[in-house]
Amino acid sequence: MSPADRPRKSDDIDGGWAKRAARKQETRRDAASGKSADRDSASAGNRGGQGNSESRQPYRSDRDTTGYRGRADRRFEGKPRRTEKPVDRTSRESGYGAGRSESGRTGYGRADRSAQAPGGKGARAWDDKRTGRPEGRGYKSDAEDFGRRRSSEGDSFGGRRSSDAGRSSGGYRSDASGRGADPGSGSHRRRGADDVGGRPERPSSAQRSARSAAKPVGAEKTSGKRARRTGSVDPAREVALEVLRAVRERDAYANLVLPGLLRDRRVSGRDAALATELAYGACRTQGLLDAVIAHGAGRSVEEIDGPLLDVLRLGVYQLLRTRIGAHAAVDTSVALARAEFGAGKSGFVNAVLRRAGEKTAEEWVEELAPEDPVGRLAFEYAHPTWIAQAFADALGARAGELRDLLAADDDRPVVHLVARPGEITAEELALVTGGEEGRWSPYAVYLEGGDPGKLEPVREGMAAVQDEGSQLVALSLTRAPLEGPDGGRWLDLCAGPGGKAALLGALAAIDRFQVDAVEPAEHRAELVRKATHDLPVRVHVVDGRDSGLEPGYDRILVDAPCTGLGALRRRPEARWRRSPADVRDLVVLQRELLTAAWDLLRPGGVVVYSTCSPHLAETVSIVADHVRRTGAVELDTRDLLPGVTDVGDGPAAQLWPHRHGTDAMFMAALRKPS
Ligand SMILES: C[S@@+](CC[C@H](N)C(=O)[O-])C[C@H]1O[C@@H](n2cnc3c(N)ncnc32)[C@H](O)[C@@H]1O
C-alpha cells in the first residue's frame, strides 16, 4: 500500500494538530535559545529517515485531551463552519455561469462606491437610485465582507467575485444572481448615452473628500503639482494602474507586483479588493479591451502611448466587465489621465471611453468578434485564439465544452490548501480554517477566503497552498504499481518551487524514504529548500538533462516546464504573453527531460510525466513519442486517481478547471520494462 493510501483520518482528532503545532513552536523557540538538539529531534518528529516508529503514523498516536477539538470549538464558537454548510460546488467550480453574469460583469460597483465614499450618504443615494434598492440597505457591510476576501491569485489580498460574496453575505446574493445573472435585465446592464454622455458627473462631496487623500500615480515623475491640485484619483485605481504599467513595461507578474504595491501604499480592505479586481481583470481581458479601444480610438493600440493605453484599459474594463457605474468609470479614468498627462490627453480618454460605453460587452462581441466559432468564443472570453484552439483540440470529442472551459478559466480559482501528511489531516485543517475538505485529493481543503499565509497551520508548515490537481499528480506517482518492492529512492526532476516535492517528501517521510529534488534555477531551488526543509528531501541545483545523479530510482516525477496554459486563471496576464513559438521550444526540453528521467529509472520503476498545460504537443505527443522510442509501458493513470471522474479515455489523465475545479493538469504514468 502506498503511503498516500494509508488510513489517514484519526478516529478522534482531539489533540493531534494543536499538539504538533505546539511542539513545532517549542522546537523553534528551543533552537533559537540553543537548547538541546536531542530534545528537538525527539519533539519535532522524525524526518529524514532518522526517526522512530511514531513517524509512520504520527497523527494516529498523537492524542491529547486538551487538544485540537476543544481549542477549535472555542476558536470558532459562533462562526459558521463551511463543513456544516451545504455548498453549491457545481456553481462555484464551473464558475462563470452561476458565479458571474453572462456578460462577465462582476459586482464591484458596490465595493467601488464604498471605497470612494465609505459610508458616504451621497454615494449611497446615487447607488440606491441606480439599483432601485431602498436607501441605506446594507451595501456597506456587503462591501466590507467582500473586501476581506481574497483569491489565490492575490497571494495576500484581493476579493472574490461578487457571487461568492453573495453566497456568504446573504443580502448581496439576490442582487448578483437576480440582476447580474441575467444579461438582458437590470439597470446596470444597458447603459445609454445618458450614462456616459457629455461630461462625467461631478463626484459627490463624500467621493471628493474620500479621494482627496489620494496621491496620483507617478505624480513624482510626471505632473506632481497638477496631480496634487486635482486630487481626484482614488488609491485603488492608482494601484491598479501601476500594476498594468509594470506588466506592460517590465513584463512583471501582476500577482507578484500587486501585494507589494498595496502594502507600500497602505491600501487595504475594500480598496485592496477593488484594486485587485481591476488590475487582474484588465490584465486578463486585454484582448477584448484592446479591440474596443482600437475601435473607439480609430487606430490600433500599438499607436497609442503605453501609459495612456493603461488608463484606457482600466476604464474600458470597468465599463464592460464590472457594474461600476459608467460615470464613475469615465470620471476616474479621466482624472487619472489628467493627473498623468494633462488636460489634452484626458480629452482623448474621455472620448474613447464614451464610445466604449455606448455598447455592452455582448454588443461589442457581436460587432467585433471573428465569425469562426472558436475565434468568437476566444474573443468573448478574452483568450488568444490559438489558446482557445489548443483547448478545443485537447477536449477532442467534447470540444462543445469549450465555452465552459474558457469561462472557468476566467473565474478566480478557489484557494486549495494541502494538509501535510503526518502533520495534519484534511479534516483537521478544514475545521481549523473553516474550509471544506477537497473532493479528489485526501489532503485537499478548499478555502472560502482570507489570507492563507496568516493561517496557523500554514505558518507552522503543516499545510500549504497547492492546487488540488497538483496534489493528484504527486499522489499518482506514489500510487503507481512498481515491479518489485519500492526501494525508497524517489526523484522530482523539475522541482521548483517545491509544491510537489513537499508532498512527496511528506509521504516519503512516513516510510523513511528519500526524495532527490532537481532544480537548475538557484532562486527556485531555494524555494524548494524552504518548502521541504524538515523533510527527507535533498535539493540539487543542476540541469535535469544532465544531473549526474546515480541511476536506479524507483519513482520519478517529471513535472515538466511548460506553457502553463492549464493554469492561466492563476496568472492574469499570462495568456497574452505566451505564443505558439513557446510550445515549439518547450517540447524539445520536455522530450529531453523525460528521456533523462528514463535513464535514471530502474527497471520496473515508474515515471510520471506531467504538465500544467493541456496542449496536445506538450502532453500526449510527448508521451507517445517516448513510448515509441523506449518501449515504455503506459499504465492506466485513471487507476491512480480513484474516485476522480471524467479524466478522459486513458491511459493518460487530463484534469480540467470546468470539470474538476483544478488547474488543467495532465499526467501519464510510464513503467520501465524489467
Ligand atoms: C512546472 S515547474 C515545476 C513545479 C514543481 N514541480 C512544483 O510542484 O512546485 C517546472 C520547473 O522545471 C524547472 N526547469 C526548467 N528547466 C529545467 C531543466 N533543464 N531541468 C530541470 N528542471 C528544469 C523550472 O525552473 C521550473 O521550476
(Q) For Gln466, what residues show an amide H to amide H distance below 5 Å, using hydrogens built from the backbone and excluding near sequence neighbours? (A) His416, Leu417, Val418
Q) Binned at 10 Å from 0, what are the whole-percent values of the Cα-Cα distance distribution for region 468-674, short to long? A) 9, 37, 40, 13, 1
**Q.** Inter-label distance for Leu589 and Arg439, nm, one decimal - labels placed 7 Å from Cα along Cα-to-Cβ
**A.** 3.2
Q. So, in Å, what gap is there between the alpha-carbon centers of region 599-650 and region 324-399?
A. 39
Q: Read phi for every residue in region 407-416 and hand back ³J(HN,Hα) as whole Hz from Karplus 6.51 cos²θ - 1.76 cosθ + 1.60, θ = phi - 60°, with x for Gly and Pro.
A: 5, 5, 5, 8, 7, 5, x, 5, 6, 10
Q: Please give the per residue volume of the convex hull enclosing the alpha carbon atoms of region 293-393, rounded to a whole number of Å³.
A: 100
Q. So how do Lys500, Lys359, Lys454 rank on accessible area, 1.4 Å probe, biggest first, that is with the largest at the start?
A. Lys454, Lys359, Lys500
Q: Please work out the average accessible area per residue across region 425-498, using the 1.4 Å probe convention, and give it in Å².
A: 25
**Q.** Gained length - Trp386 relative to Ala399, 0.36 nm times residue gap less alpha-carbon distance
**A.** 3.2 nm
Q: Give me the number: length gained by fully extending Glu363 to Arg629, i.e. 0.36 nm times residue separation minus the C-alpha to C-alpha distance, one decimal in nm.
A: 90.6 nm
Q. In whole Hz, what ³J(HN,Hα) sequence does region 338-352 give by Karplus (6.51, -1.76, 1.60; θ = phi - 60°), x for Gly and Pro?
A. 5, 5, 7, 10, x, 5, x, 6, 5, x, 5, 4, 4, 5, 5
(Q) Just to verify a number: FRET efficiency for Val542 and Leu616, C-beta to C-beta distance, R0 = 35 Å, to 0.05? (A) 0.70
Q | Sparse-neighbour loop sites [GluC sites (Glu not before Pro); region 328-372; at most 14 other C-beta within 10 Å; DSSP] | A | Glu371
Q) With no solvent and one point per C-alpha, what does the Debye sum give as log10 I(q)/I(0) for region 399-480 at q = 0.13, 0.24, 0.27 Å⁻¹? A) -0.44, -1.09, -1.26
**Q.** As computed over region 345-498, the Cα convex hull volume per residue (Å³)
**A.** 218
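For Arg577 and Ser674 in the same chain, what is the full-extension length gain: residue separation times 0.36 nm, less their Cα-Cα distance, in nm? Spell out each step's value before the answer.
Details: separation 97, 0.36 × 97 = 34.92 nm, distance 4.35 nm.
That works out to 30.6 nm of additional length.
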Q: Give the calculated FRET efficiency between Glu302 and Asp372 to the nearest 0.05, with a Förster radius of 30 Å applied to their Cβ-Cβ distance.
A: 0.80
**Q.** Built amide H within the under 5 Å cut-off of Val539, gap 5+
**A.** Ala517
Q) Can you give me the pair-distance distribution of region 513-631, C-alpha pairs, 10 Å bins, whole percents? A) 12, 39, 36, 12, 0
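The values are calculated or read from the model by the stated rules, or taken from the named source; none is laboratory data. Nothing here was measured: the structure is a model prediction, and the numbers come from that model. Every residue, glycine as well, gets a Cβ built from its backbone with ideal geometry; the counts of neighbours run over all protein chains shown. Note: accessible area is taken over every heavy atom of the protein model, side chains too, but ligands, DNA and RNA are not part of it. Shrake-Rupley method; radii C 1.70, N 1.55, O 1.52, S 1.80 Å.
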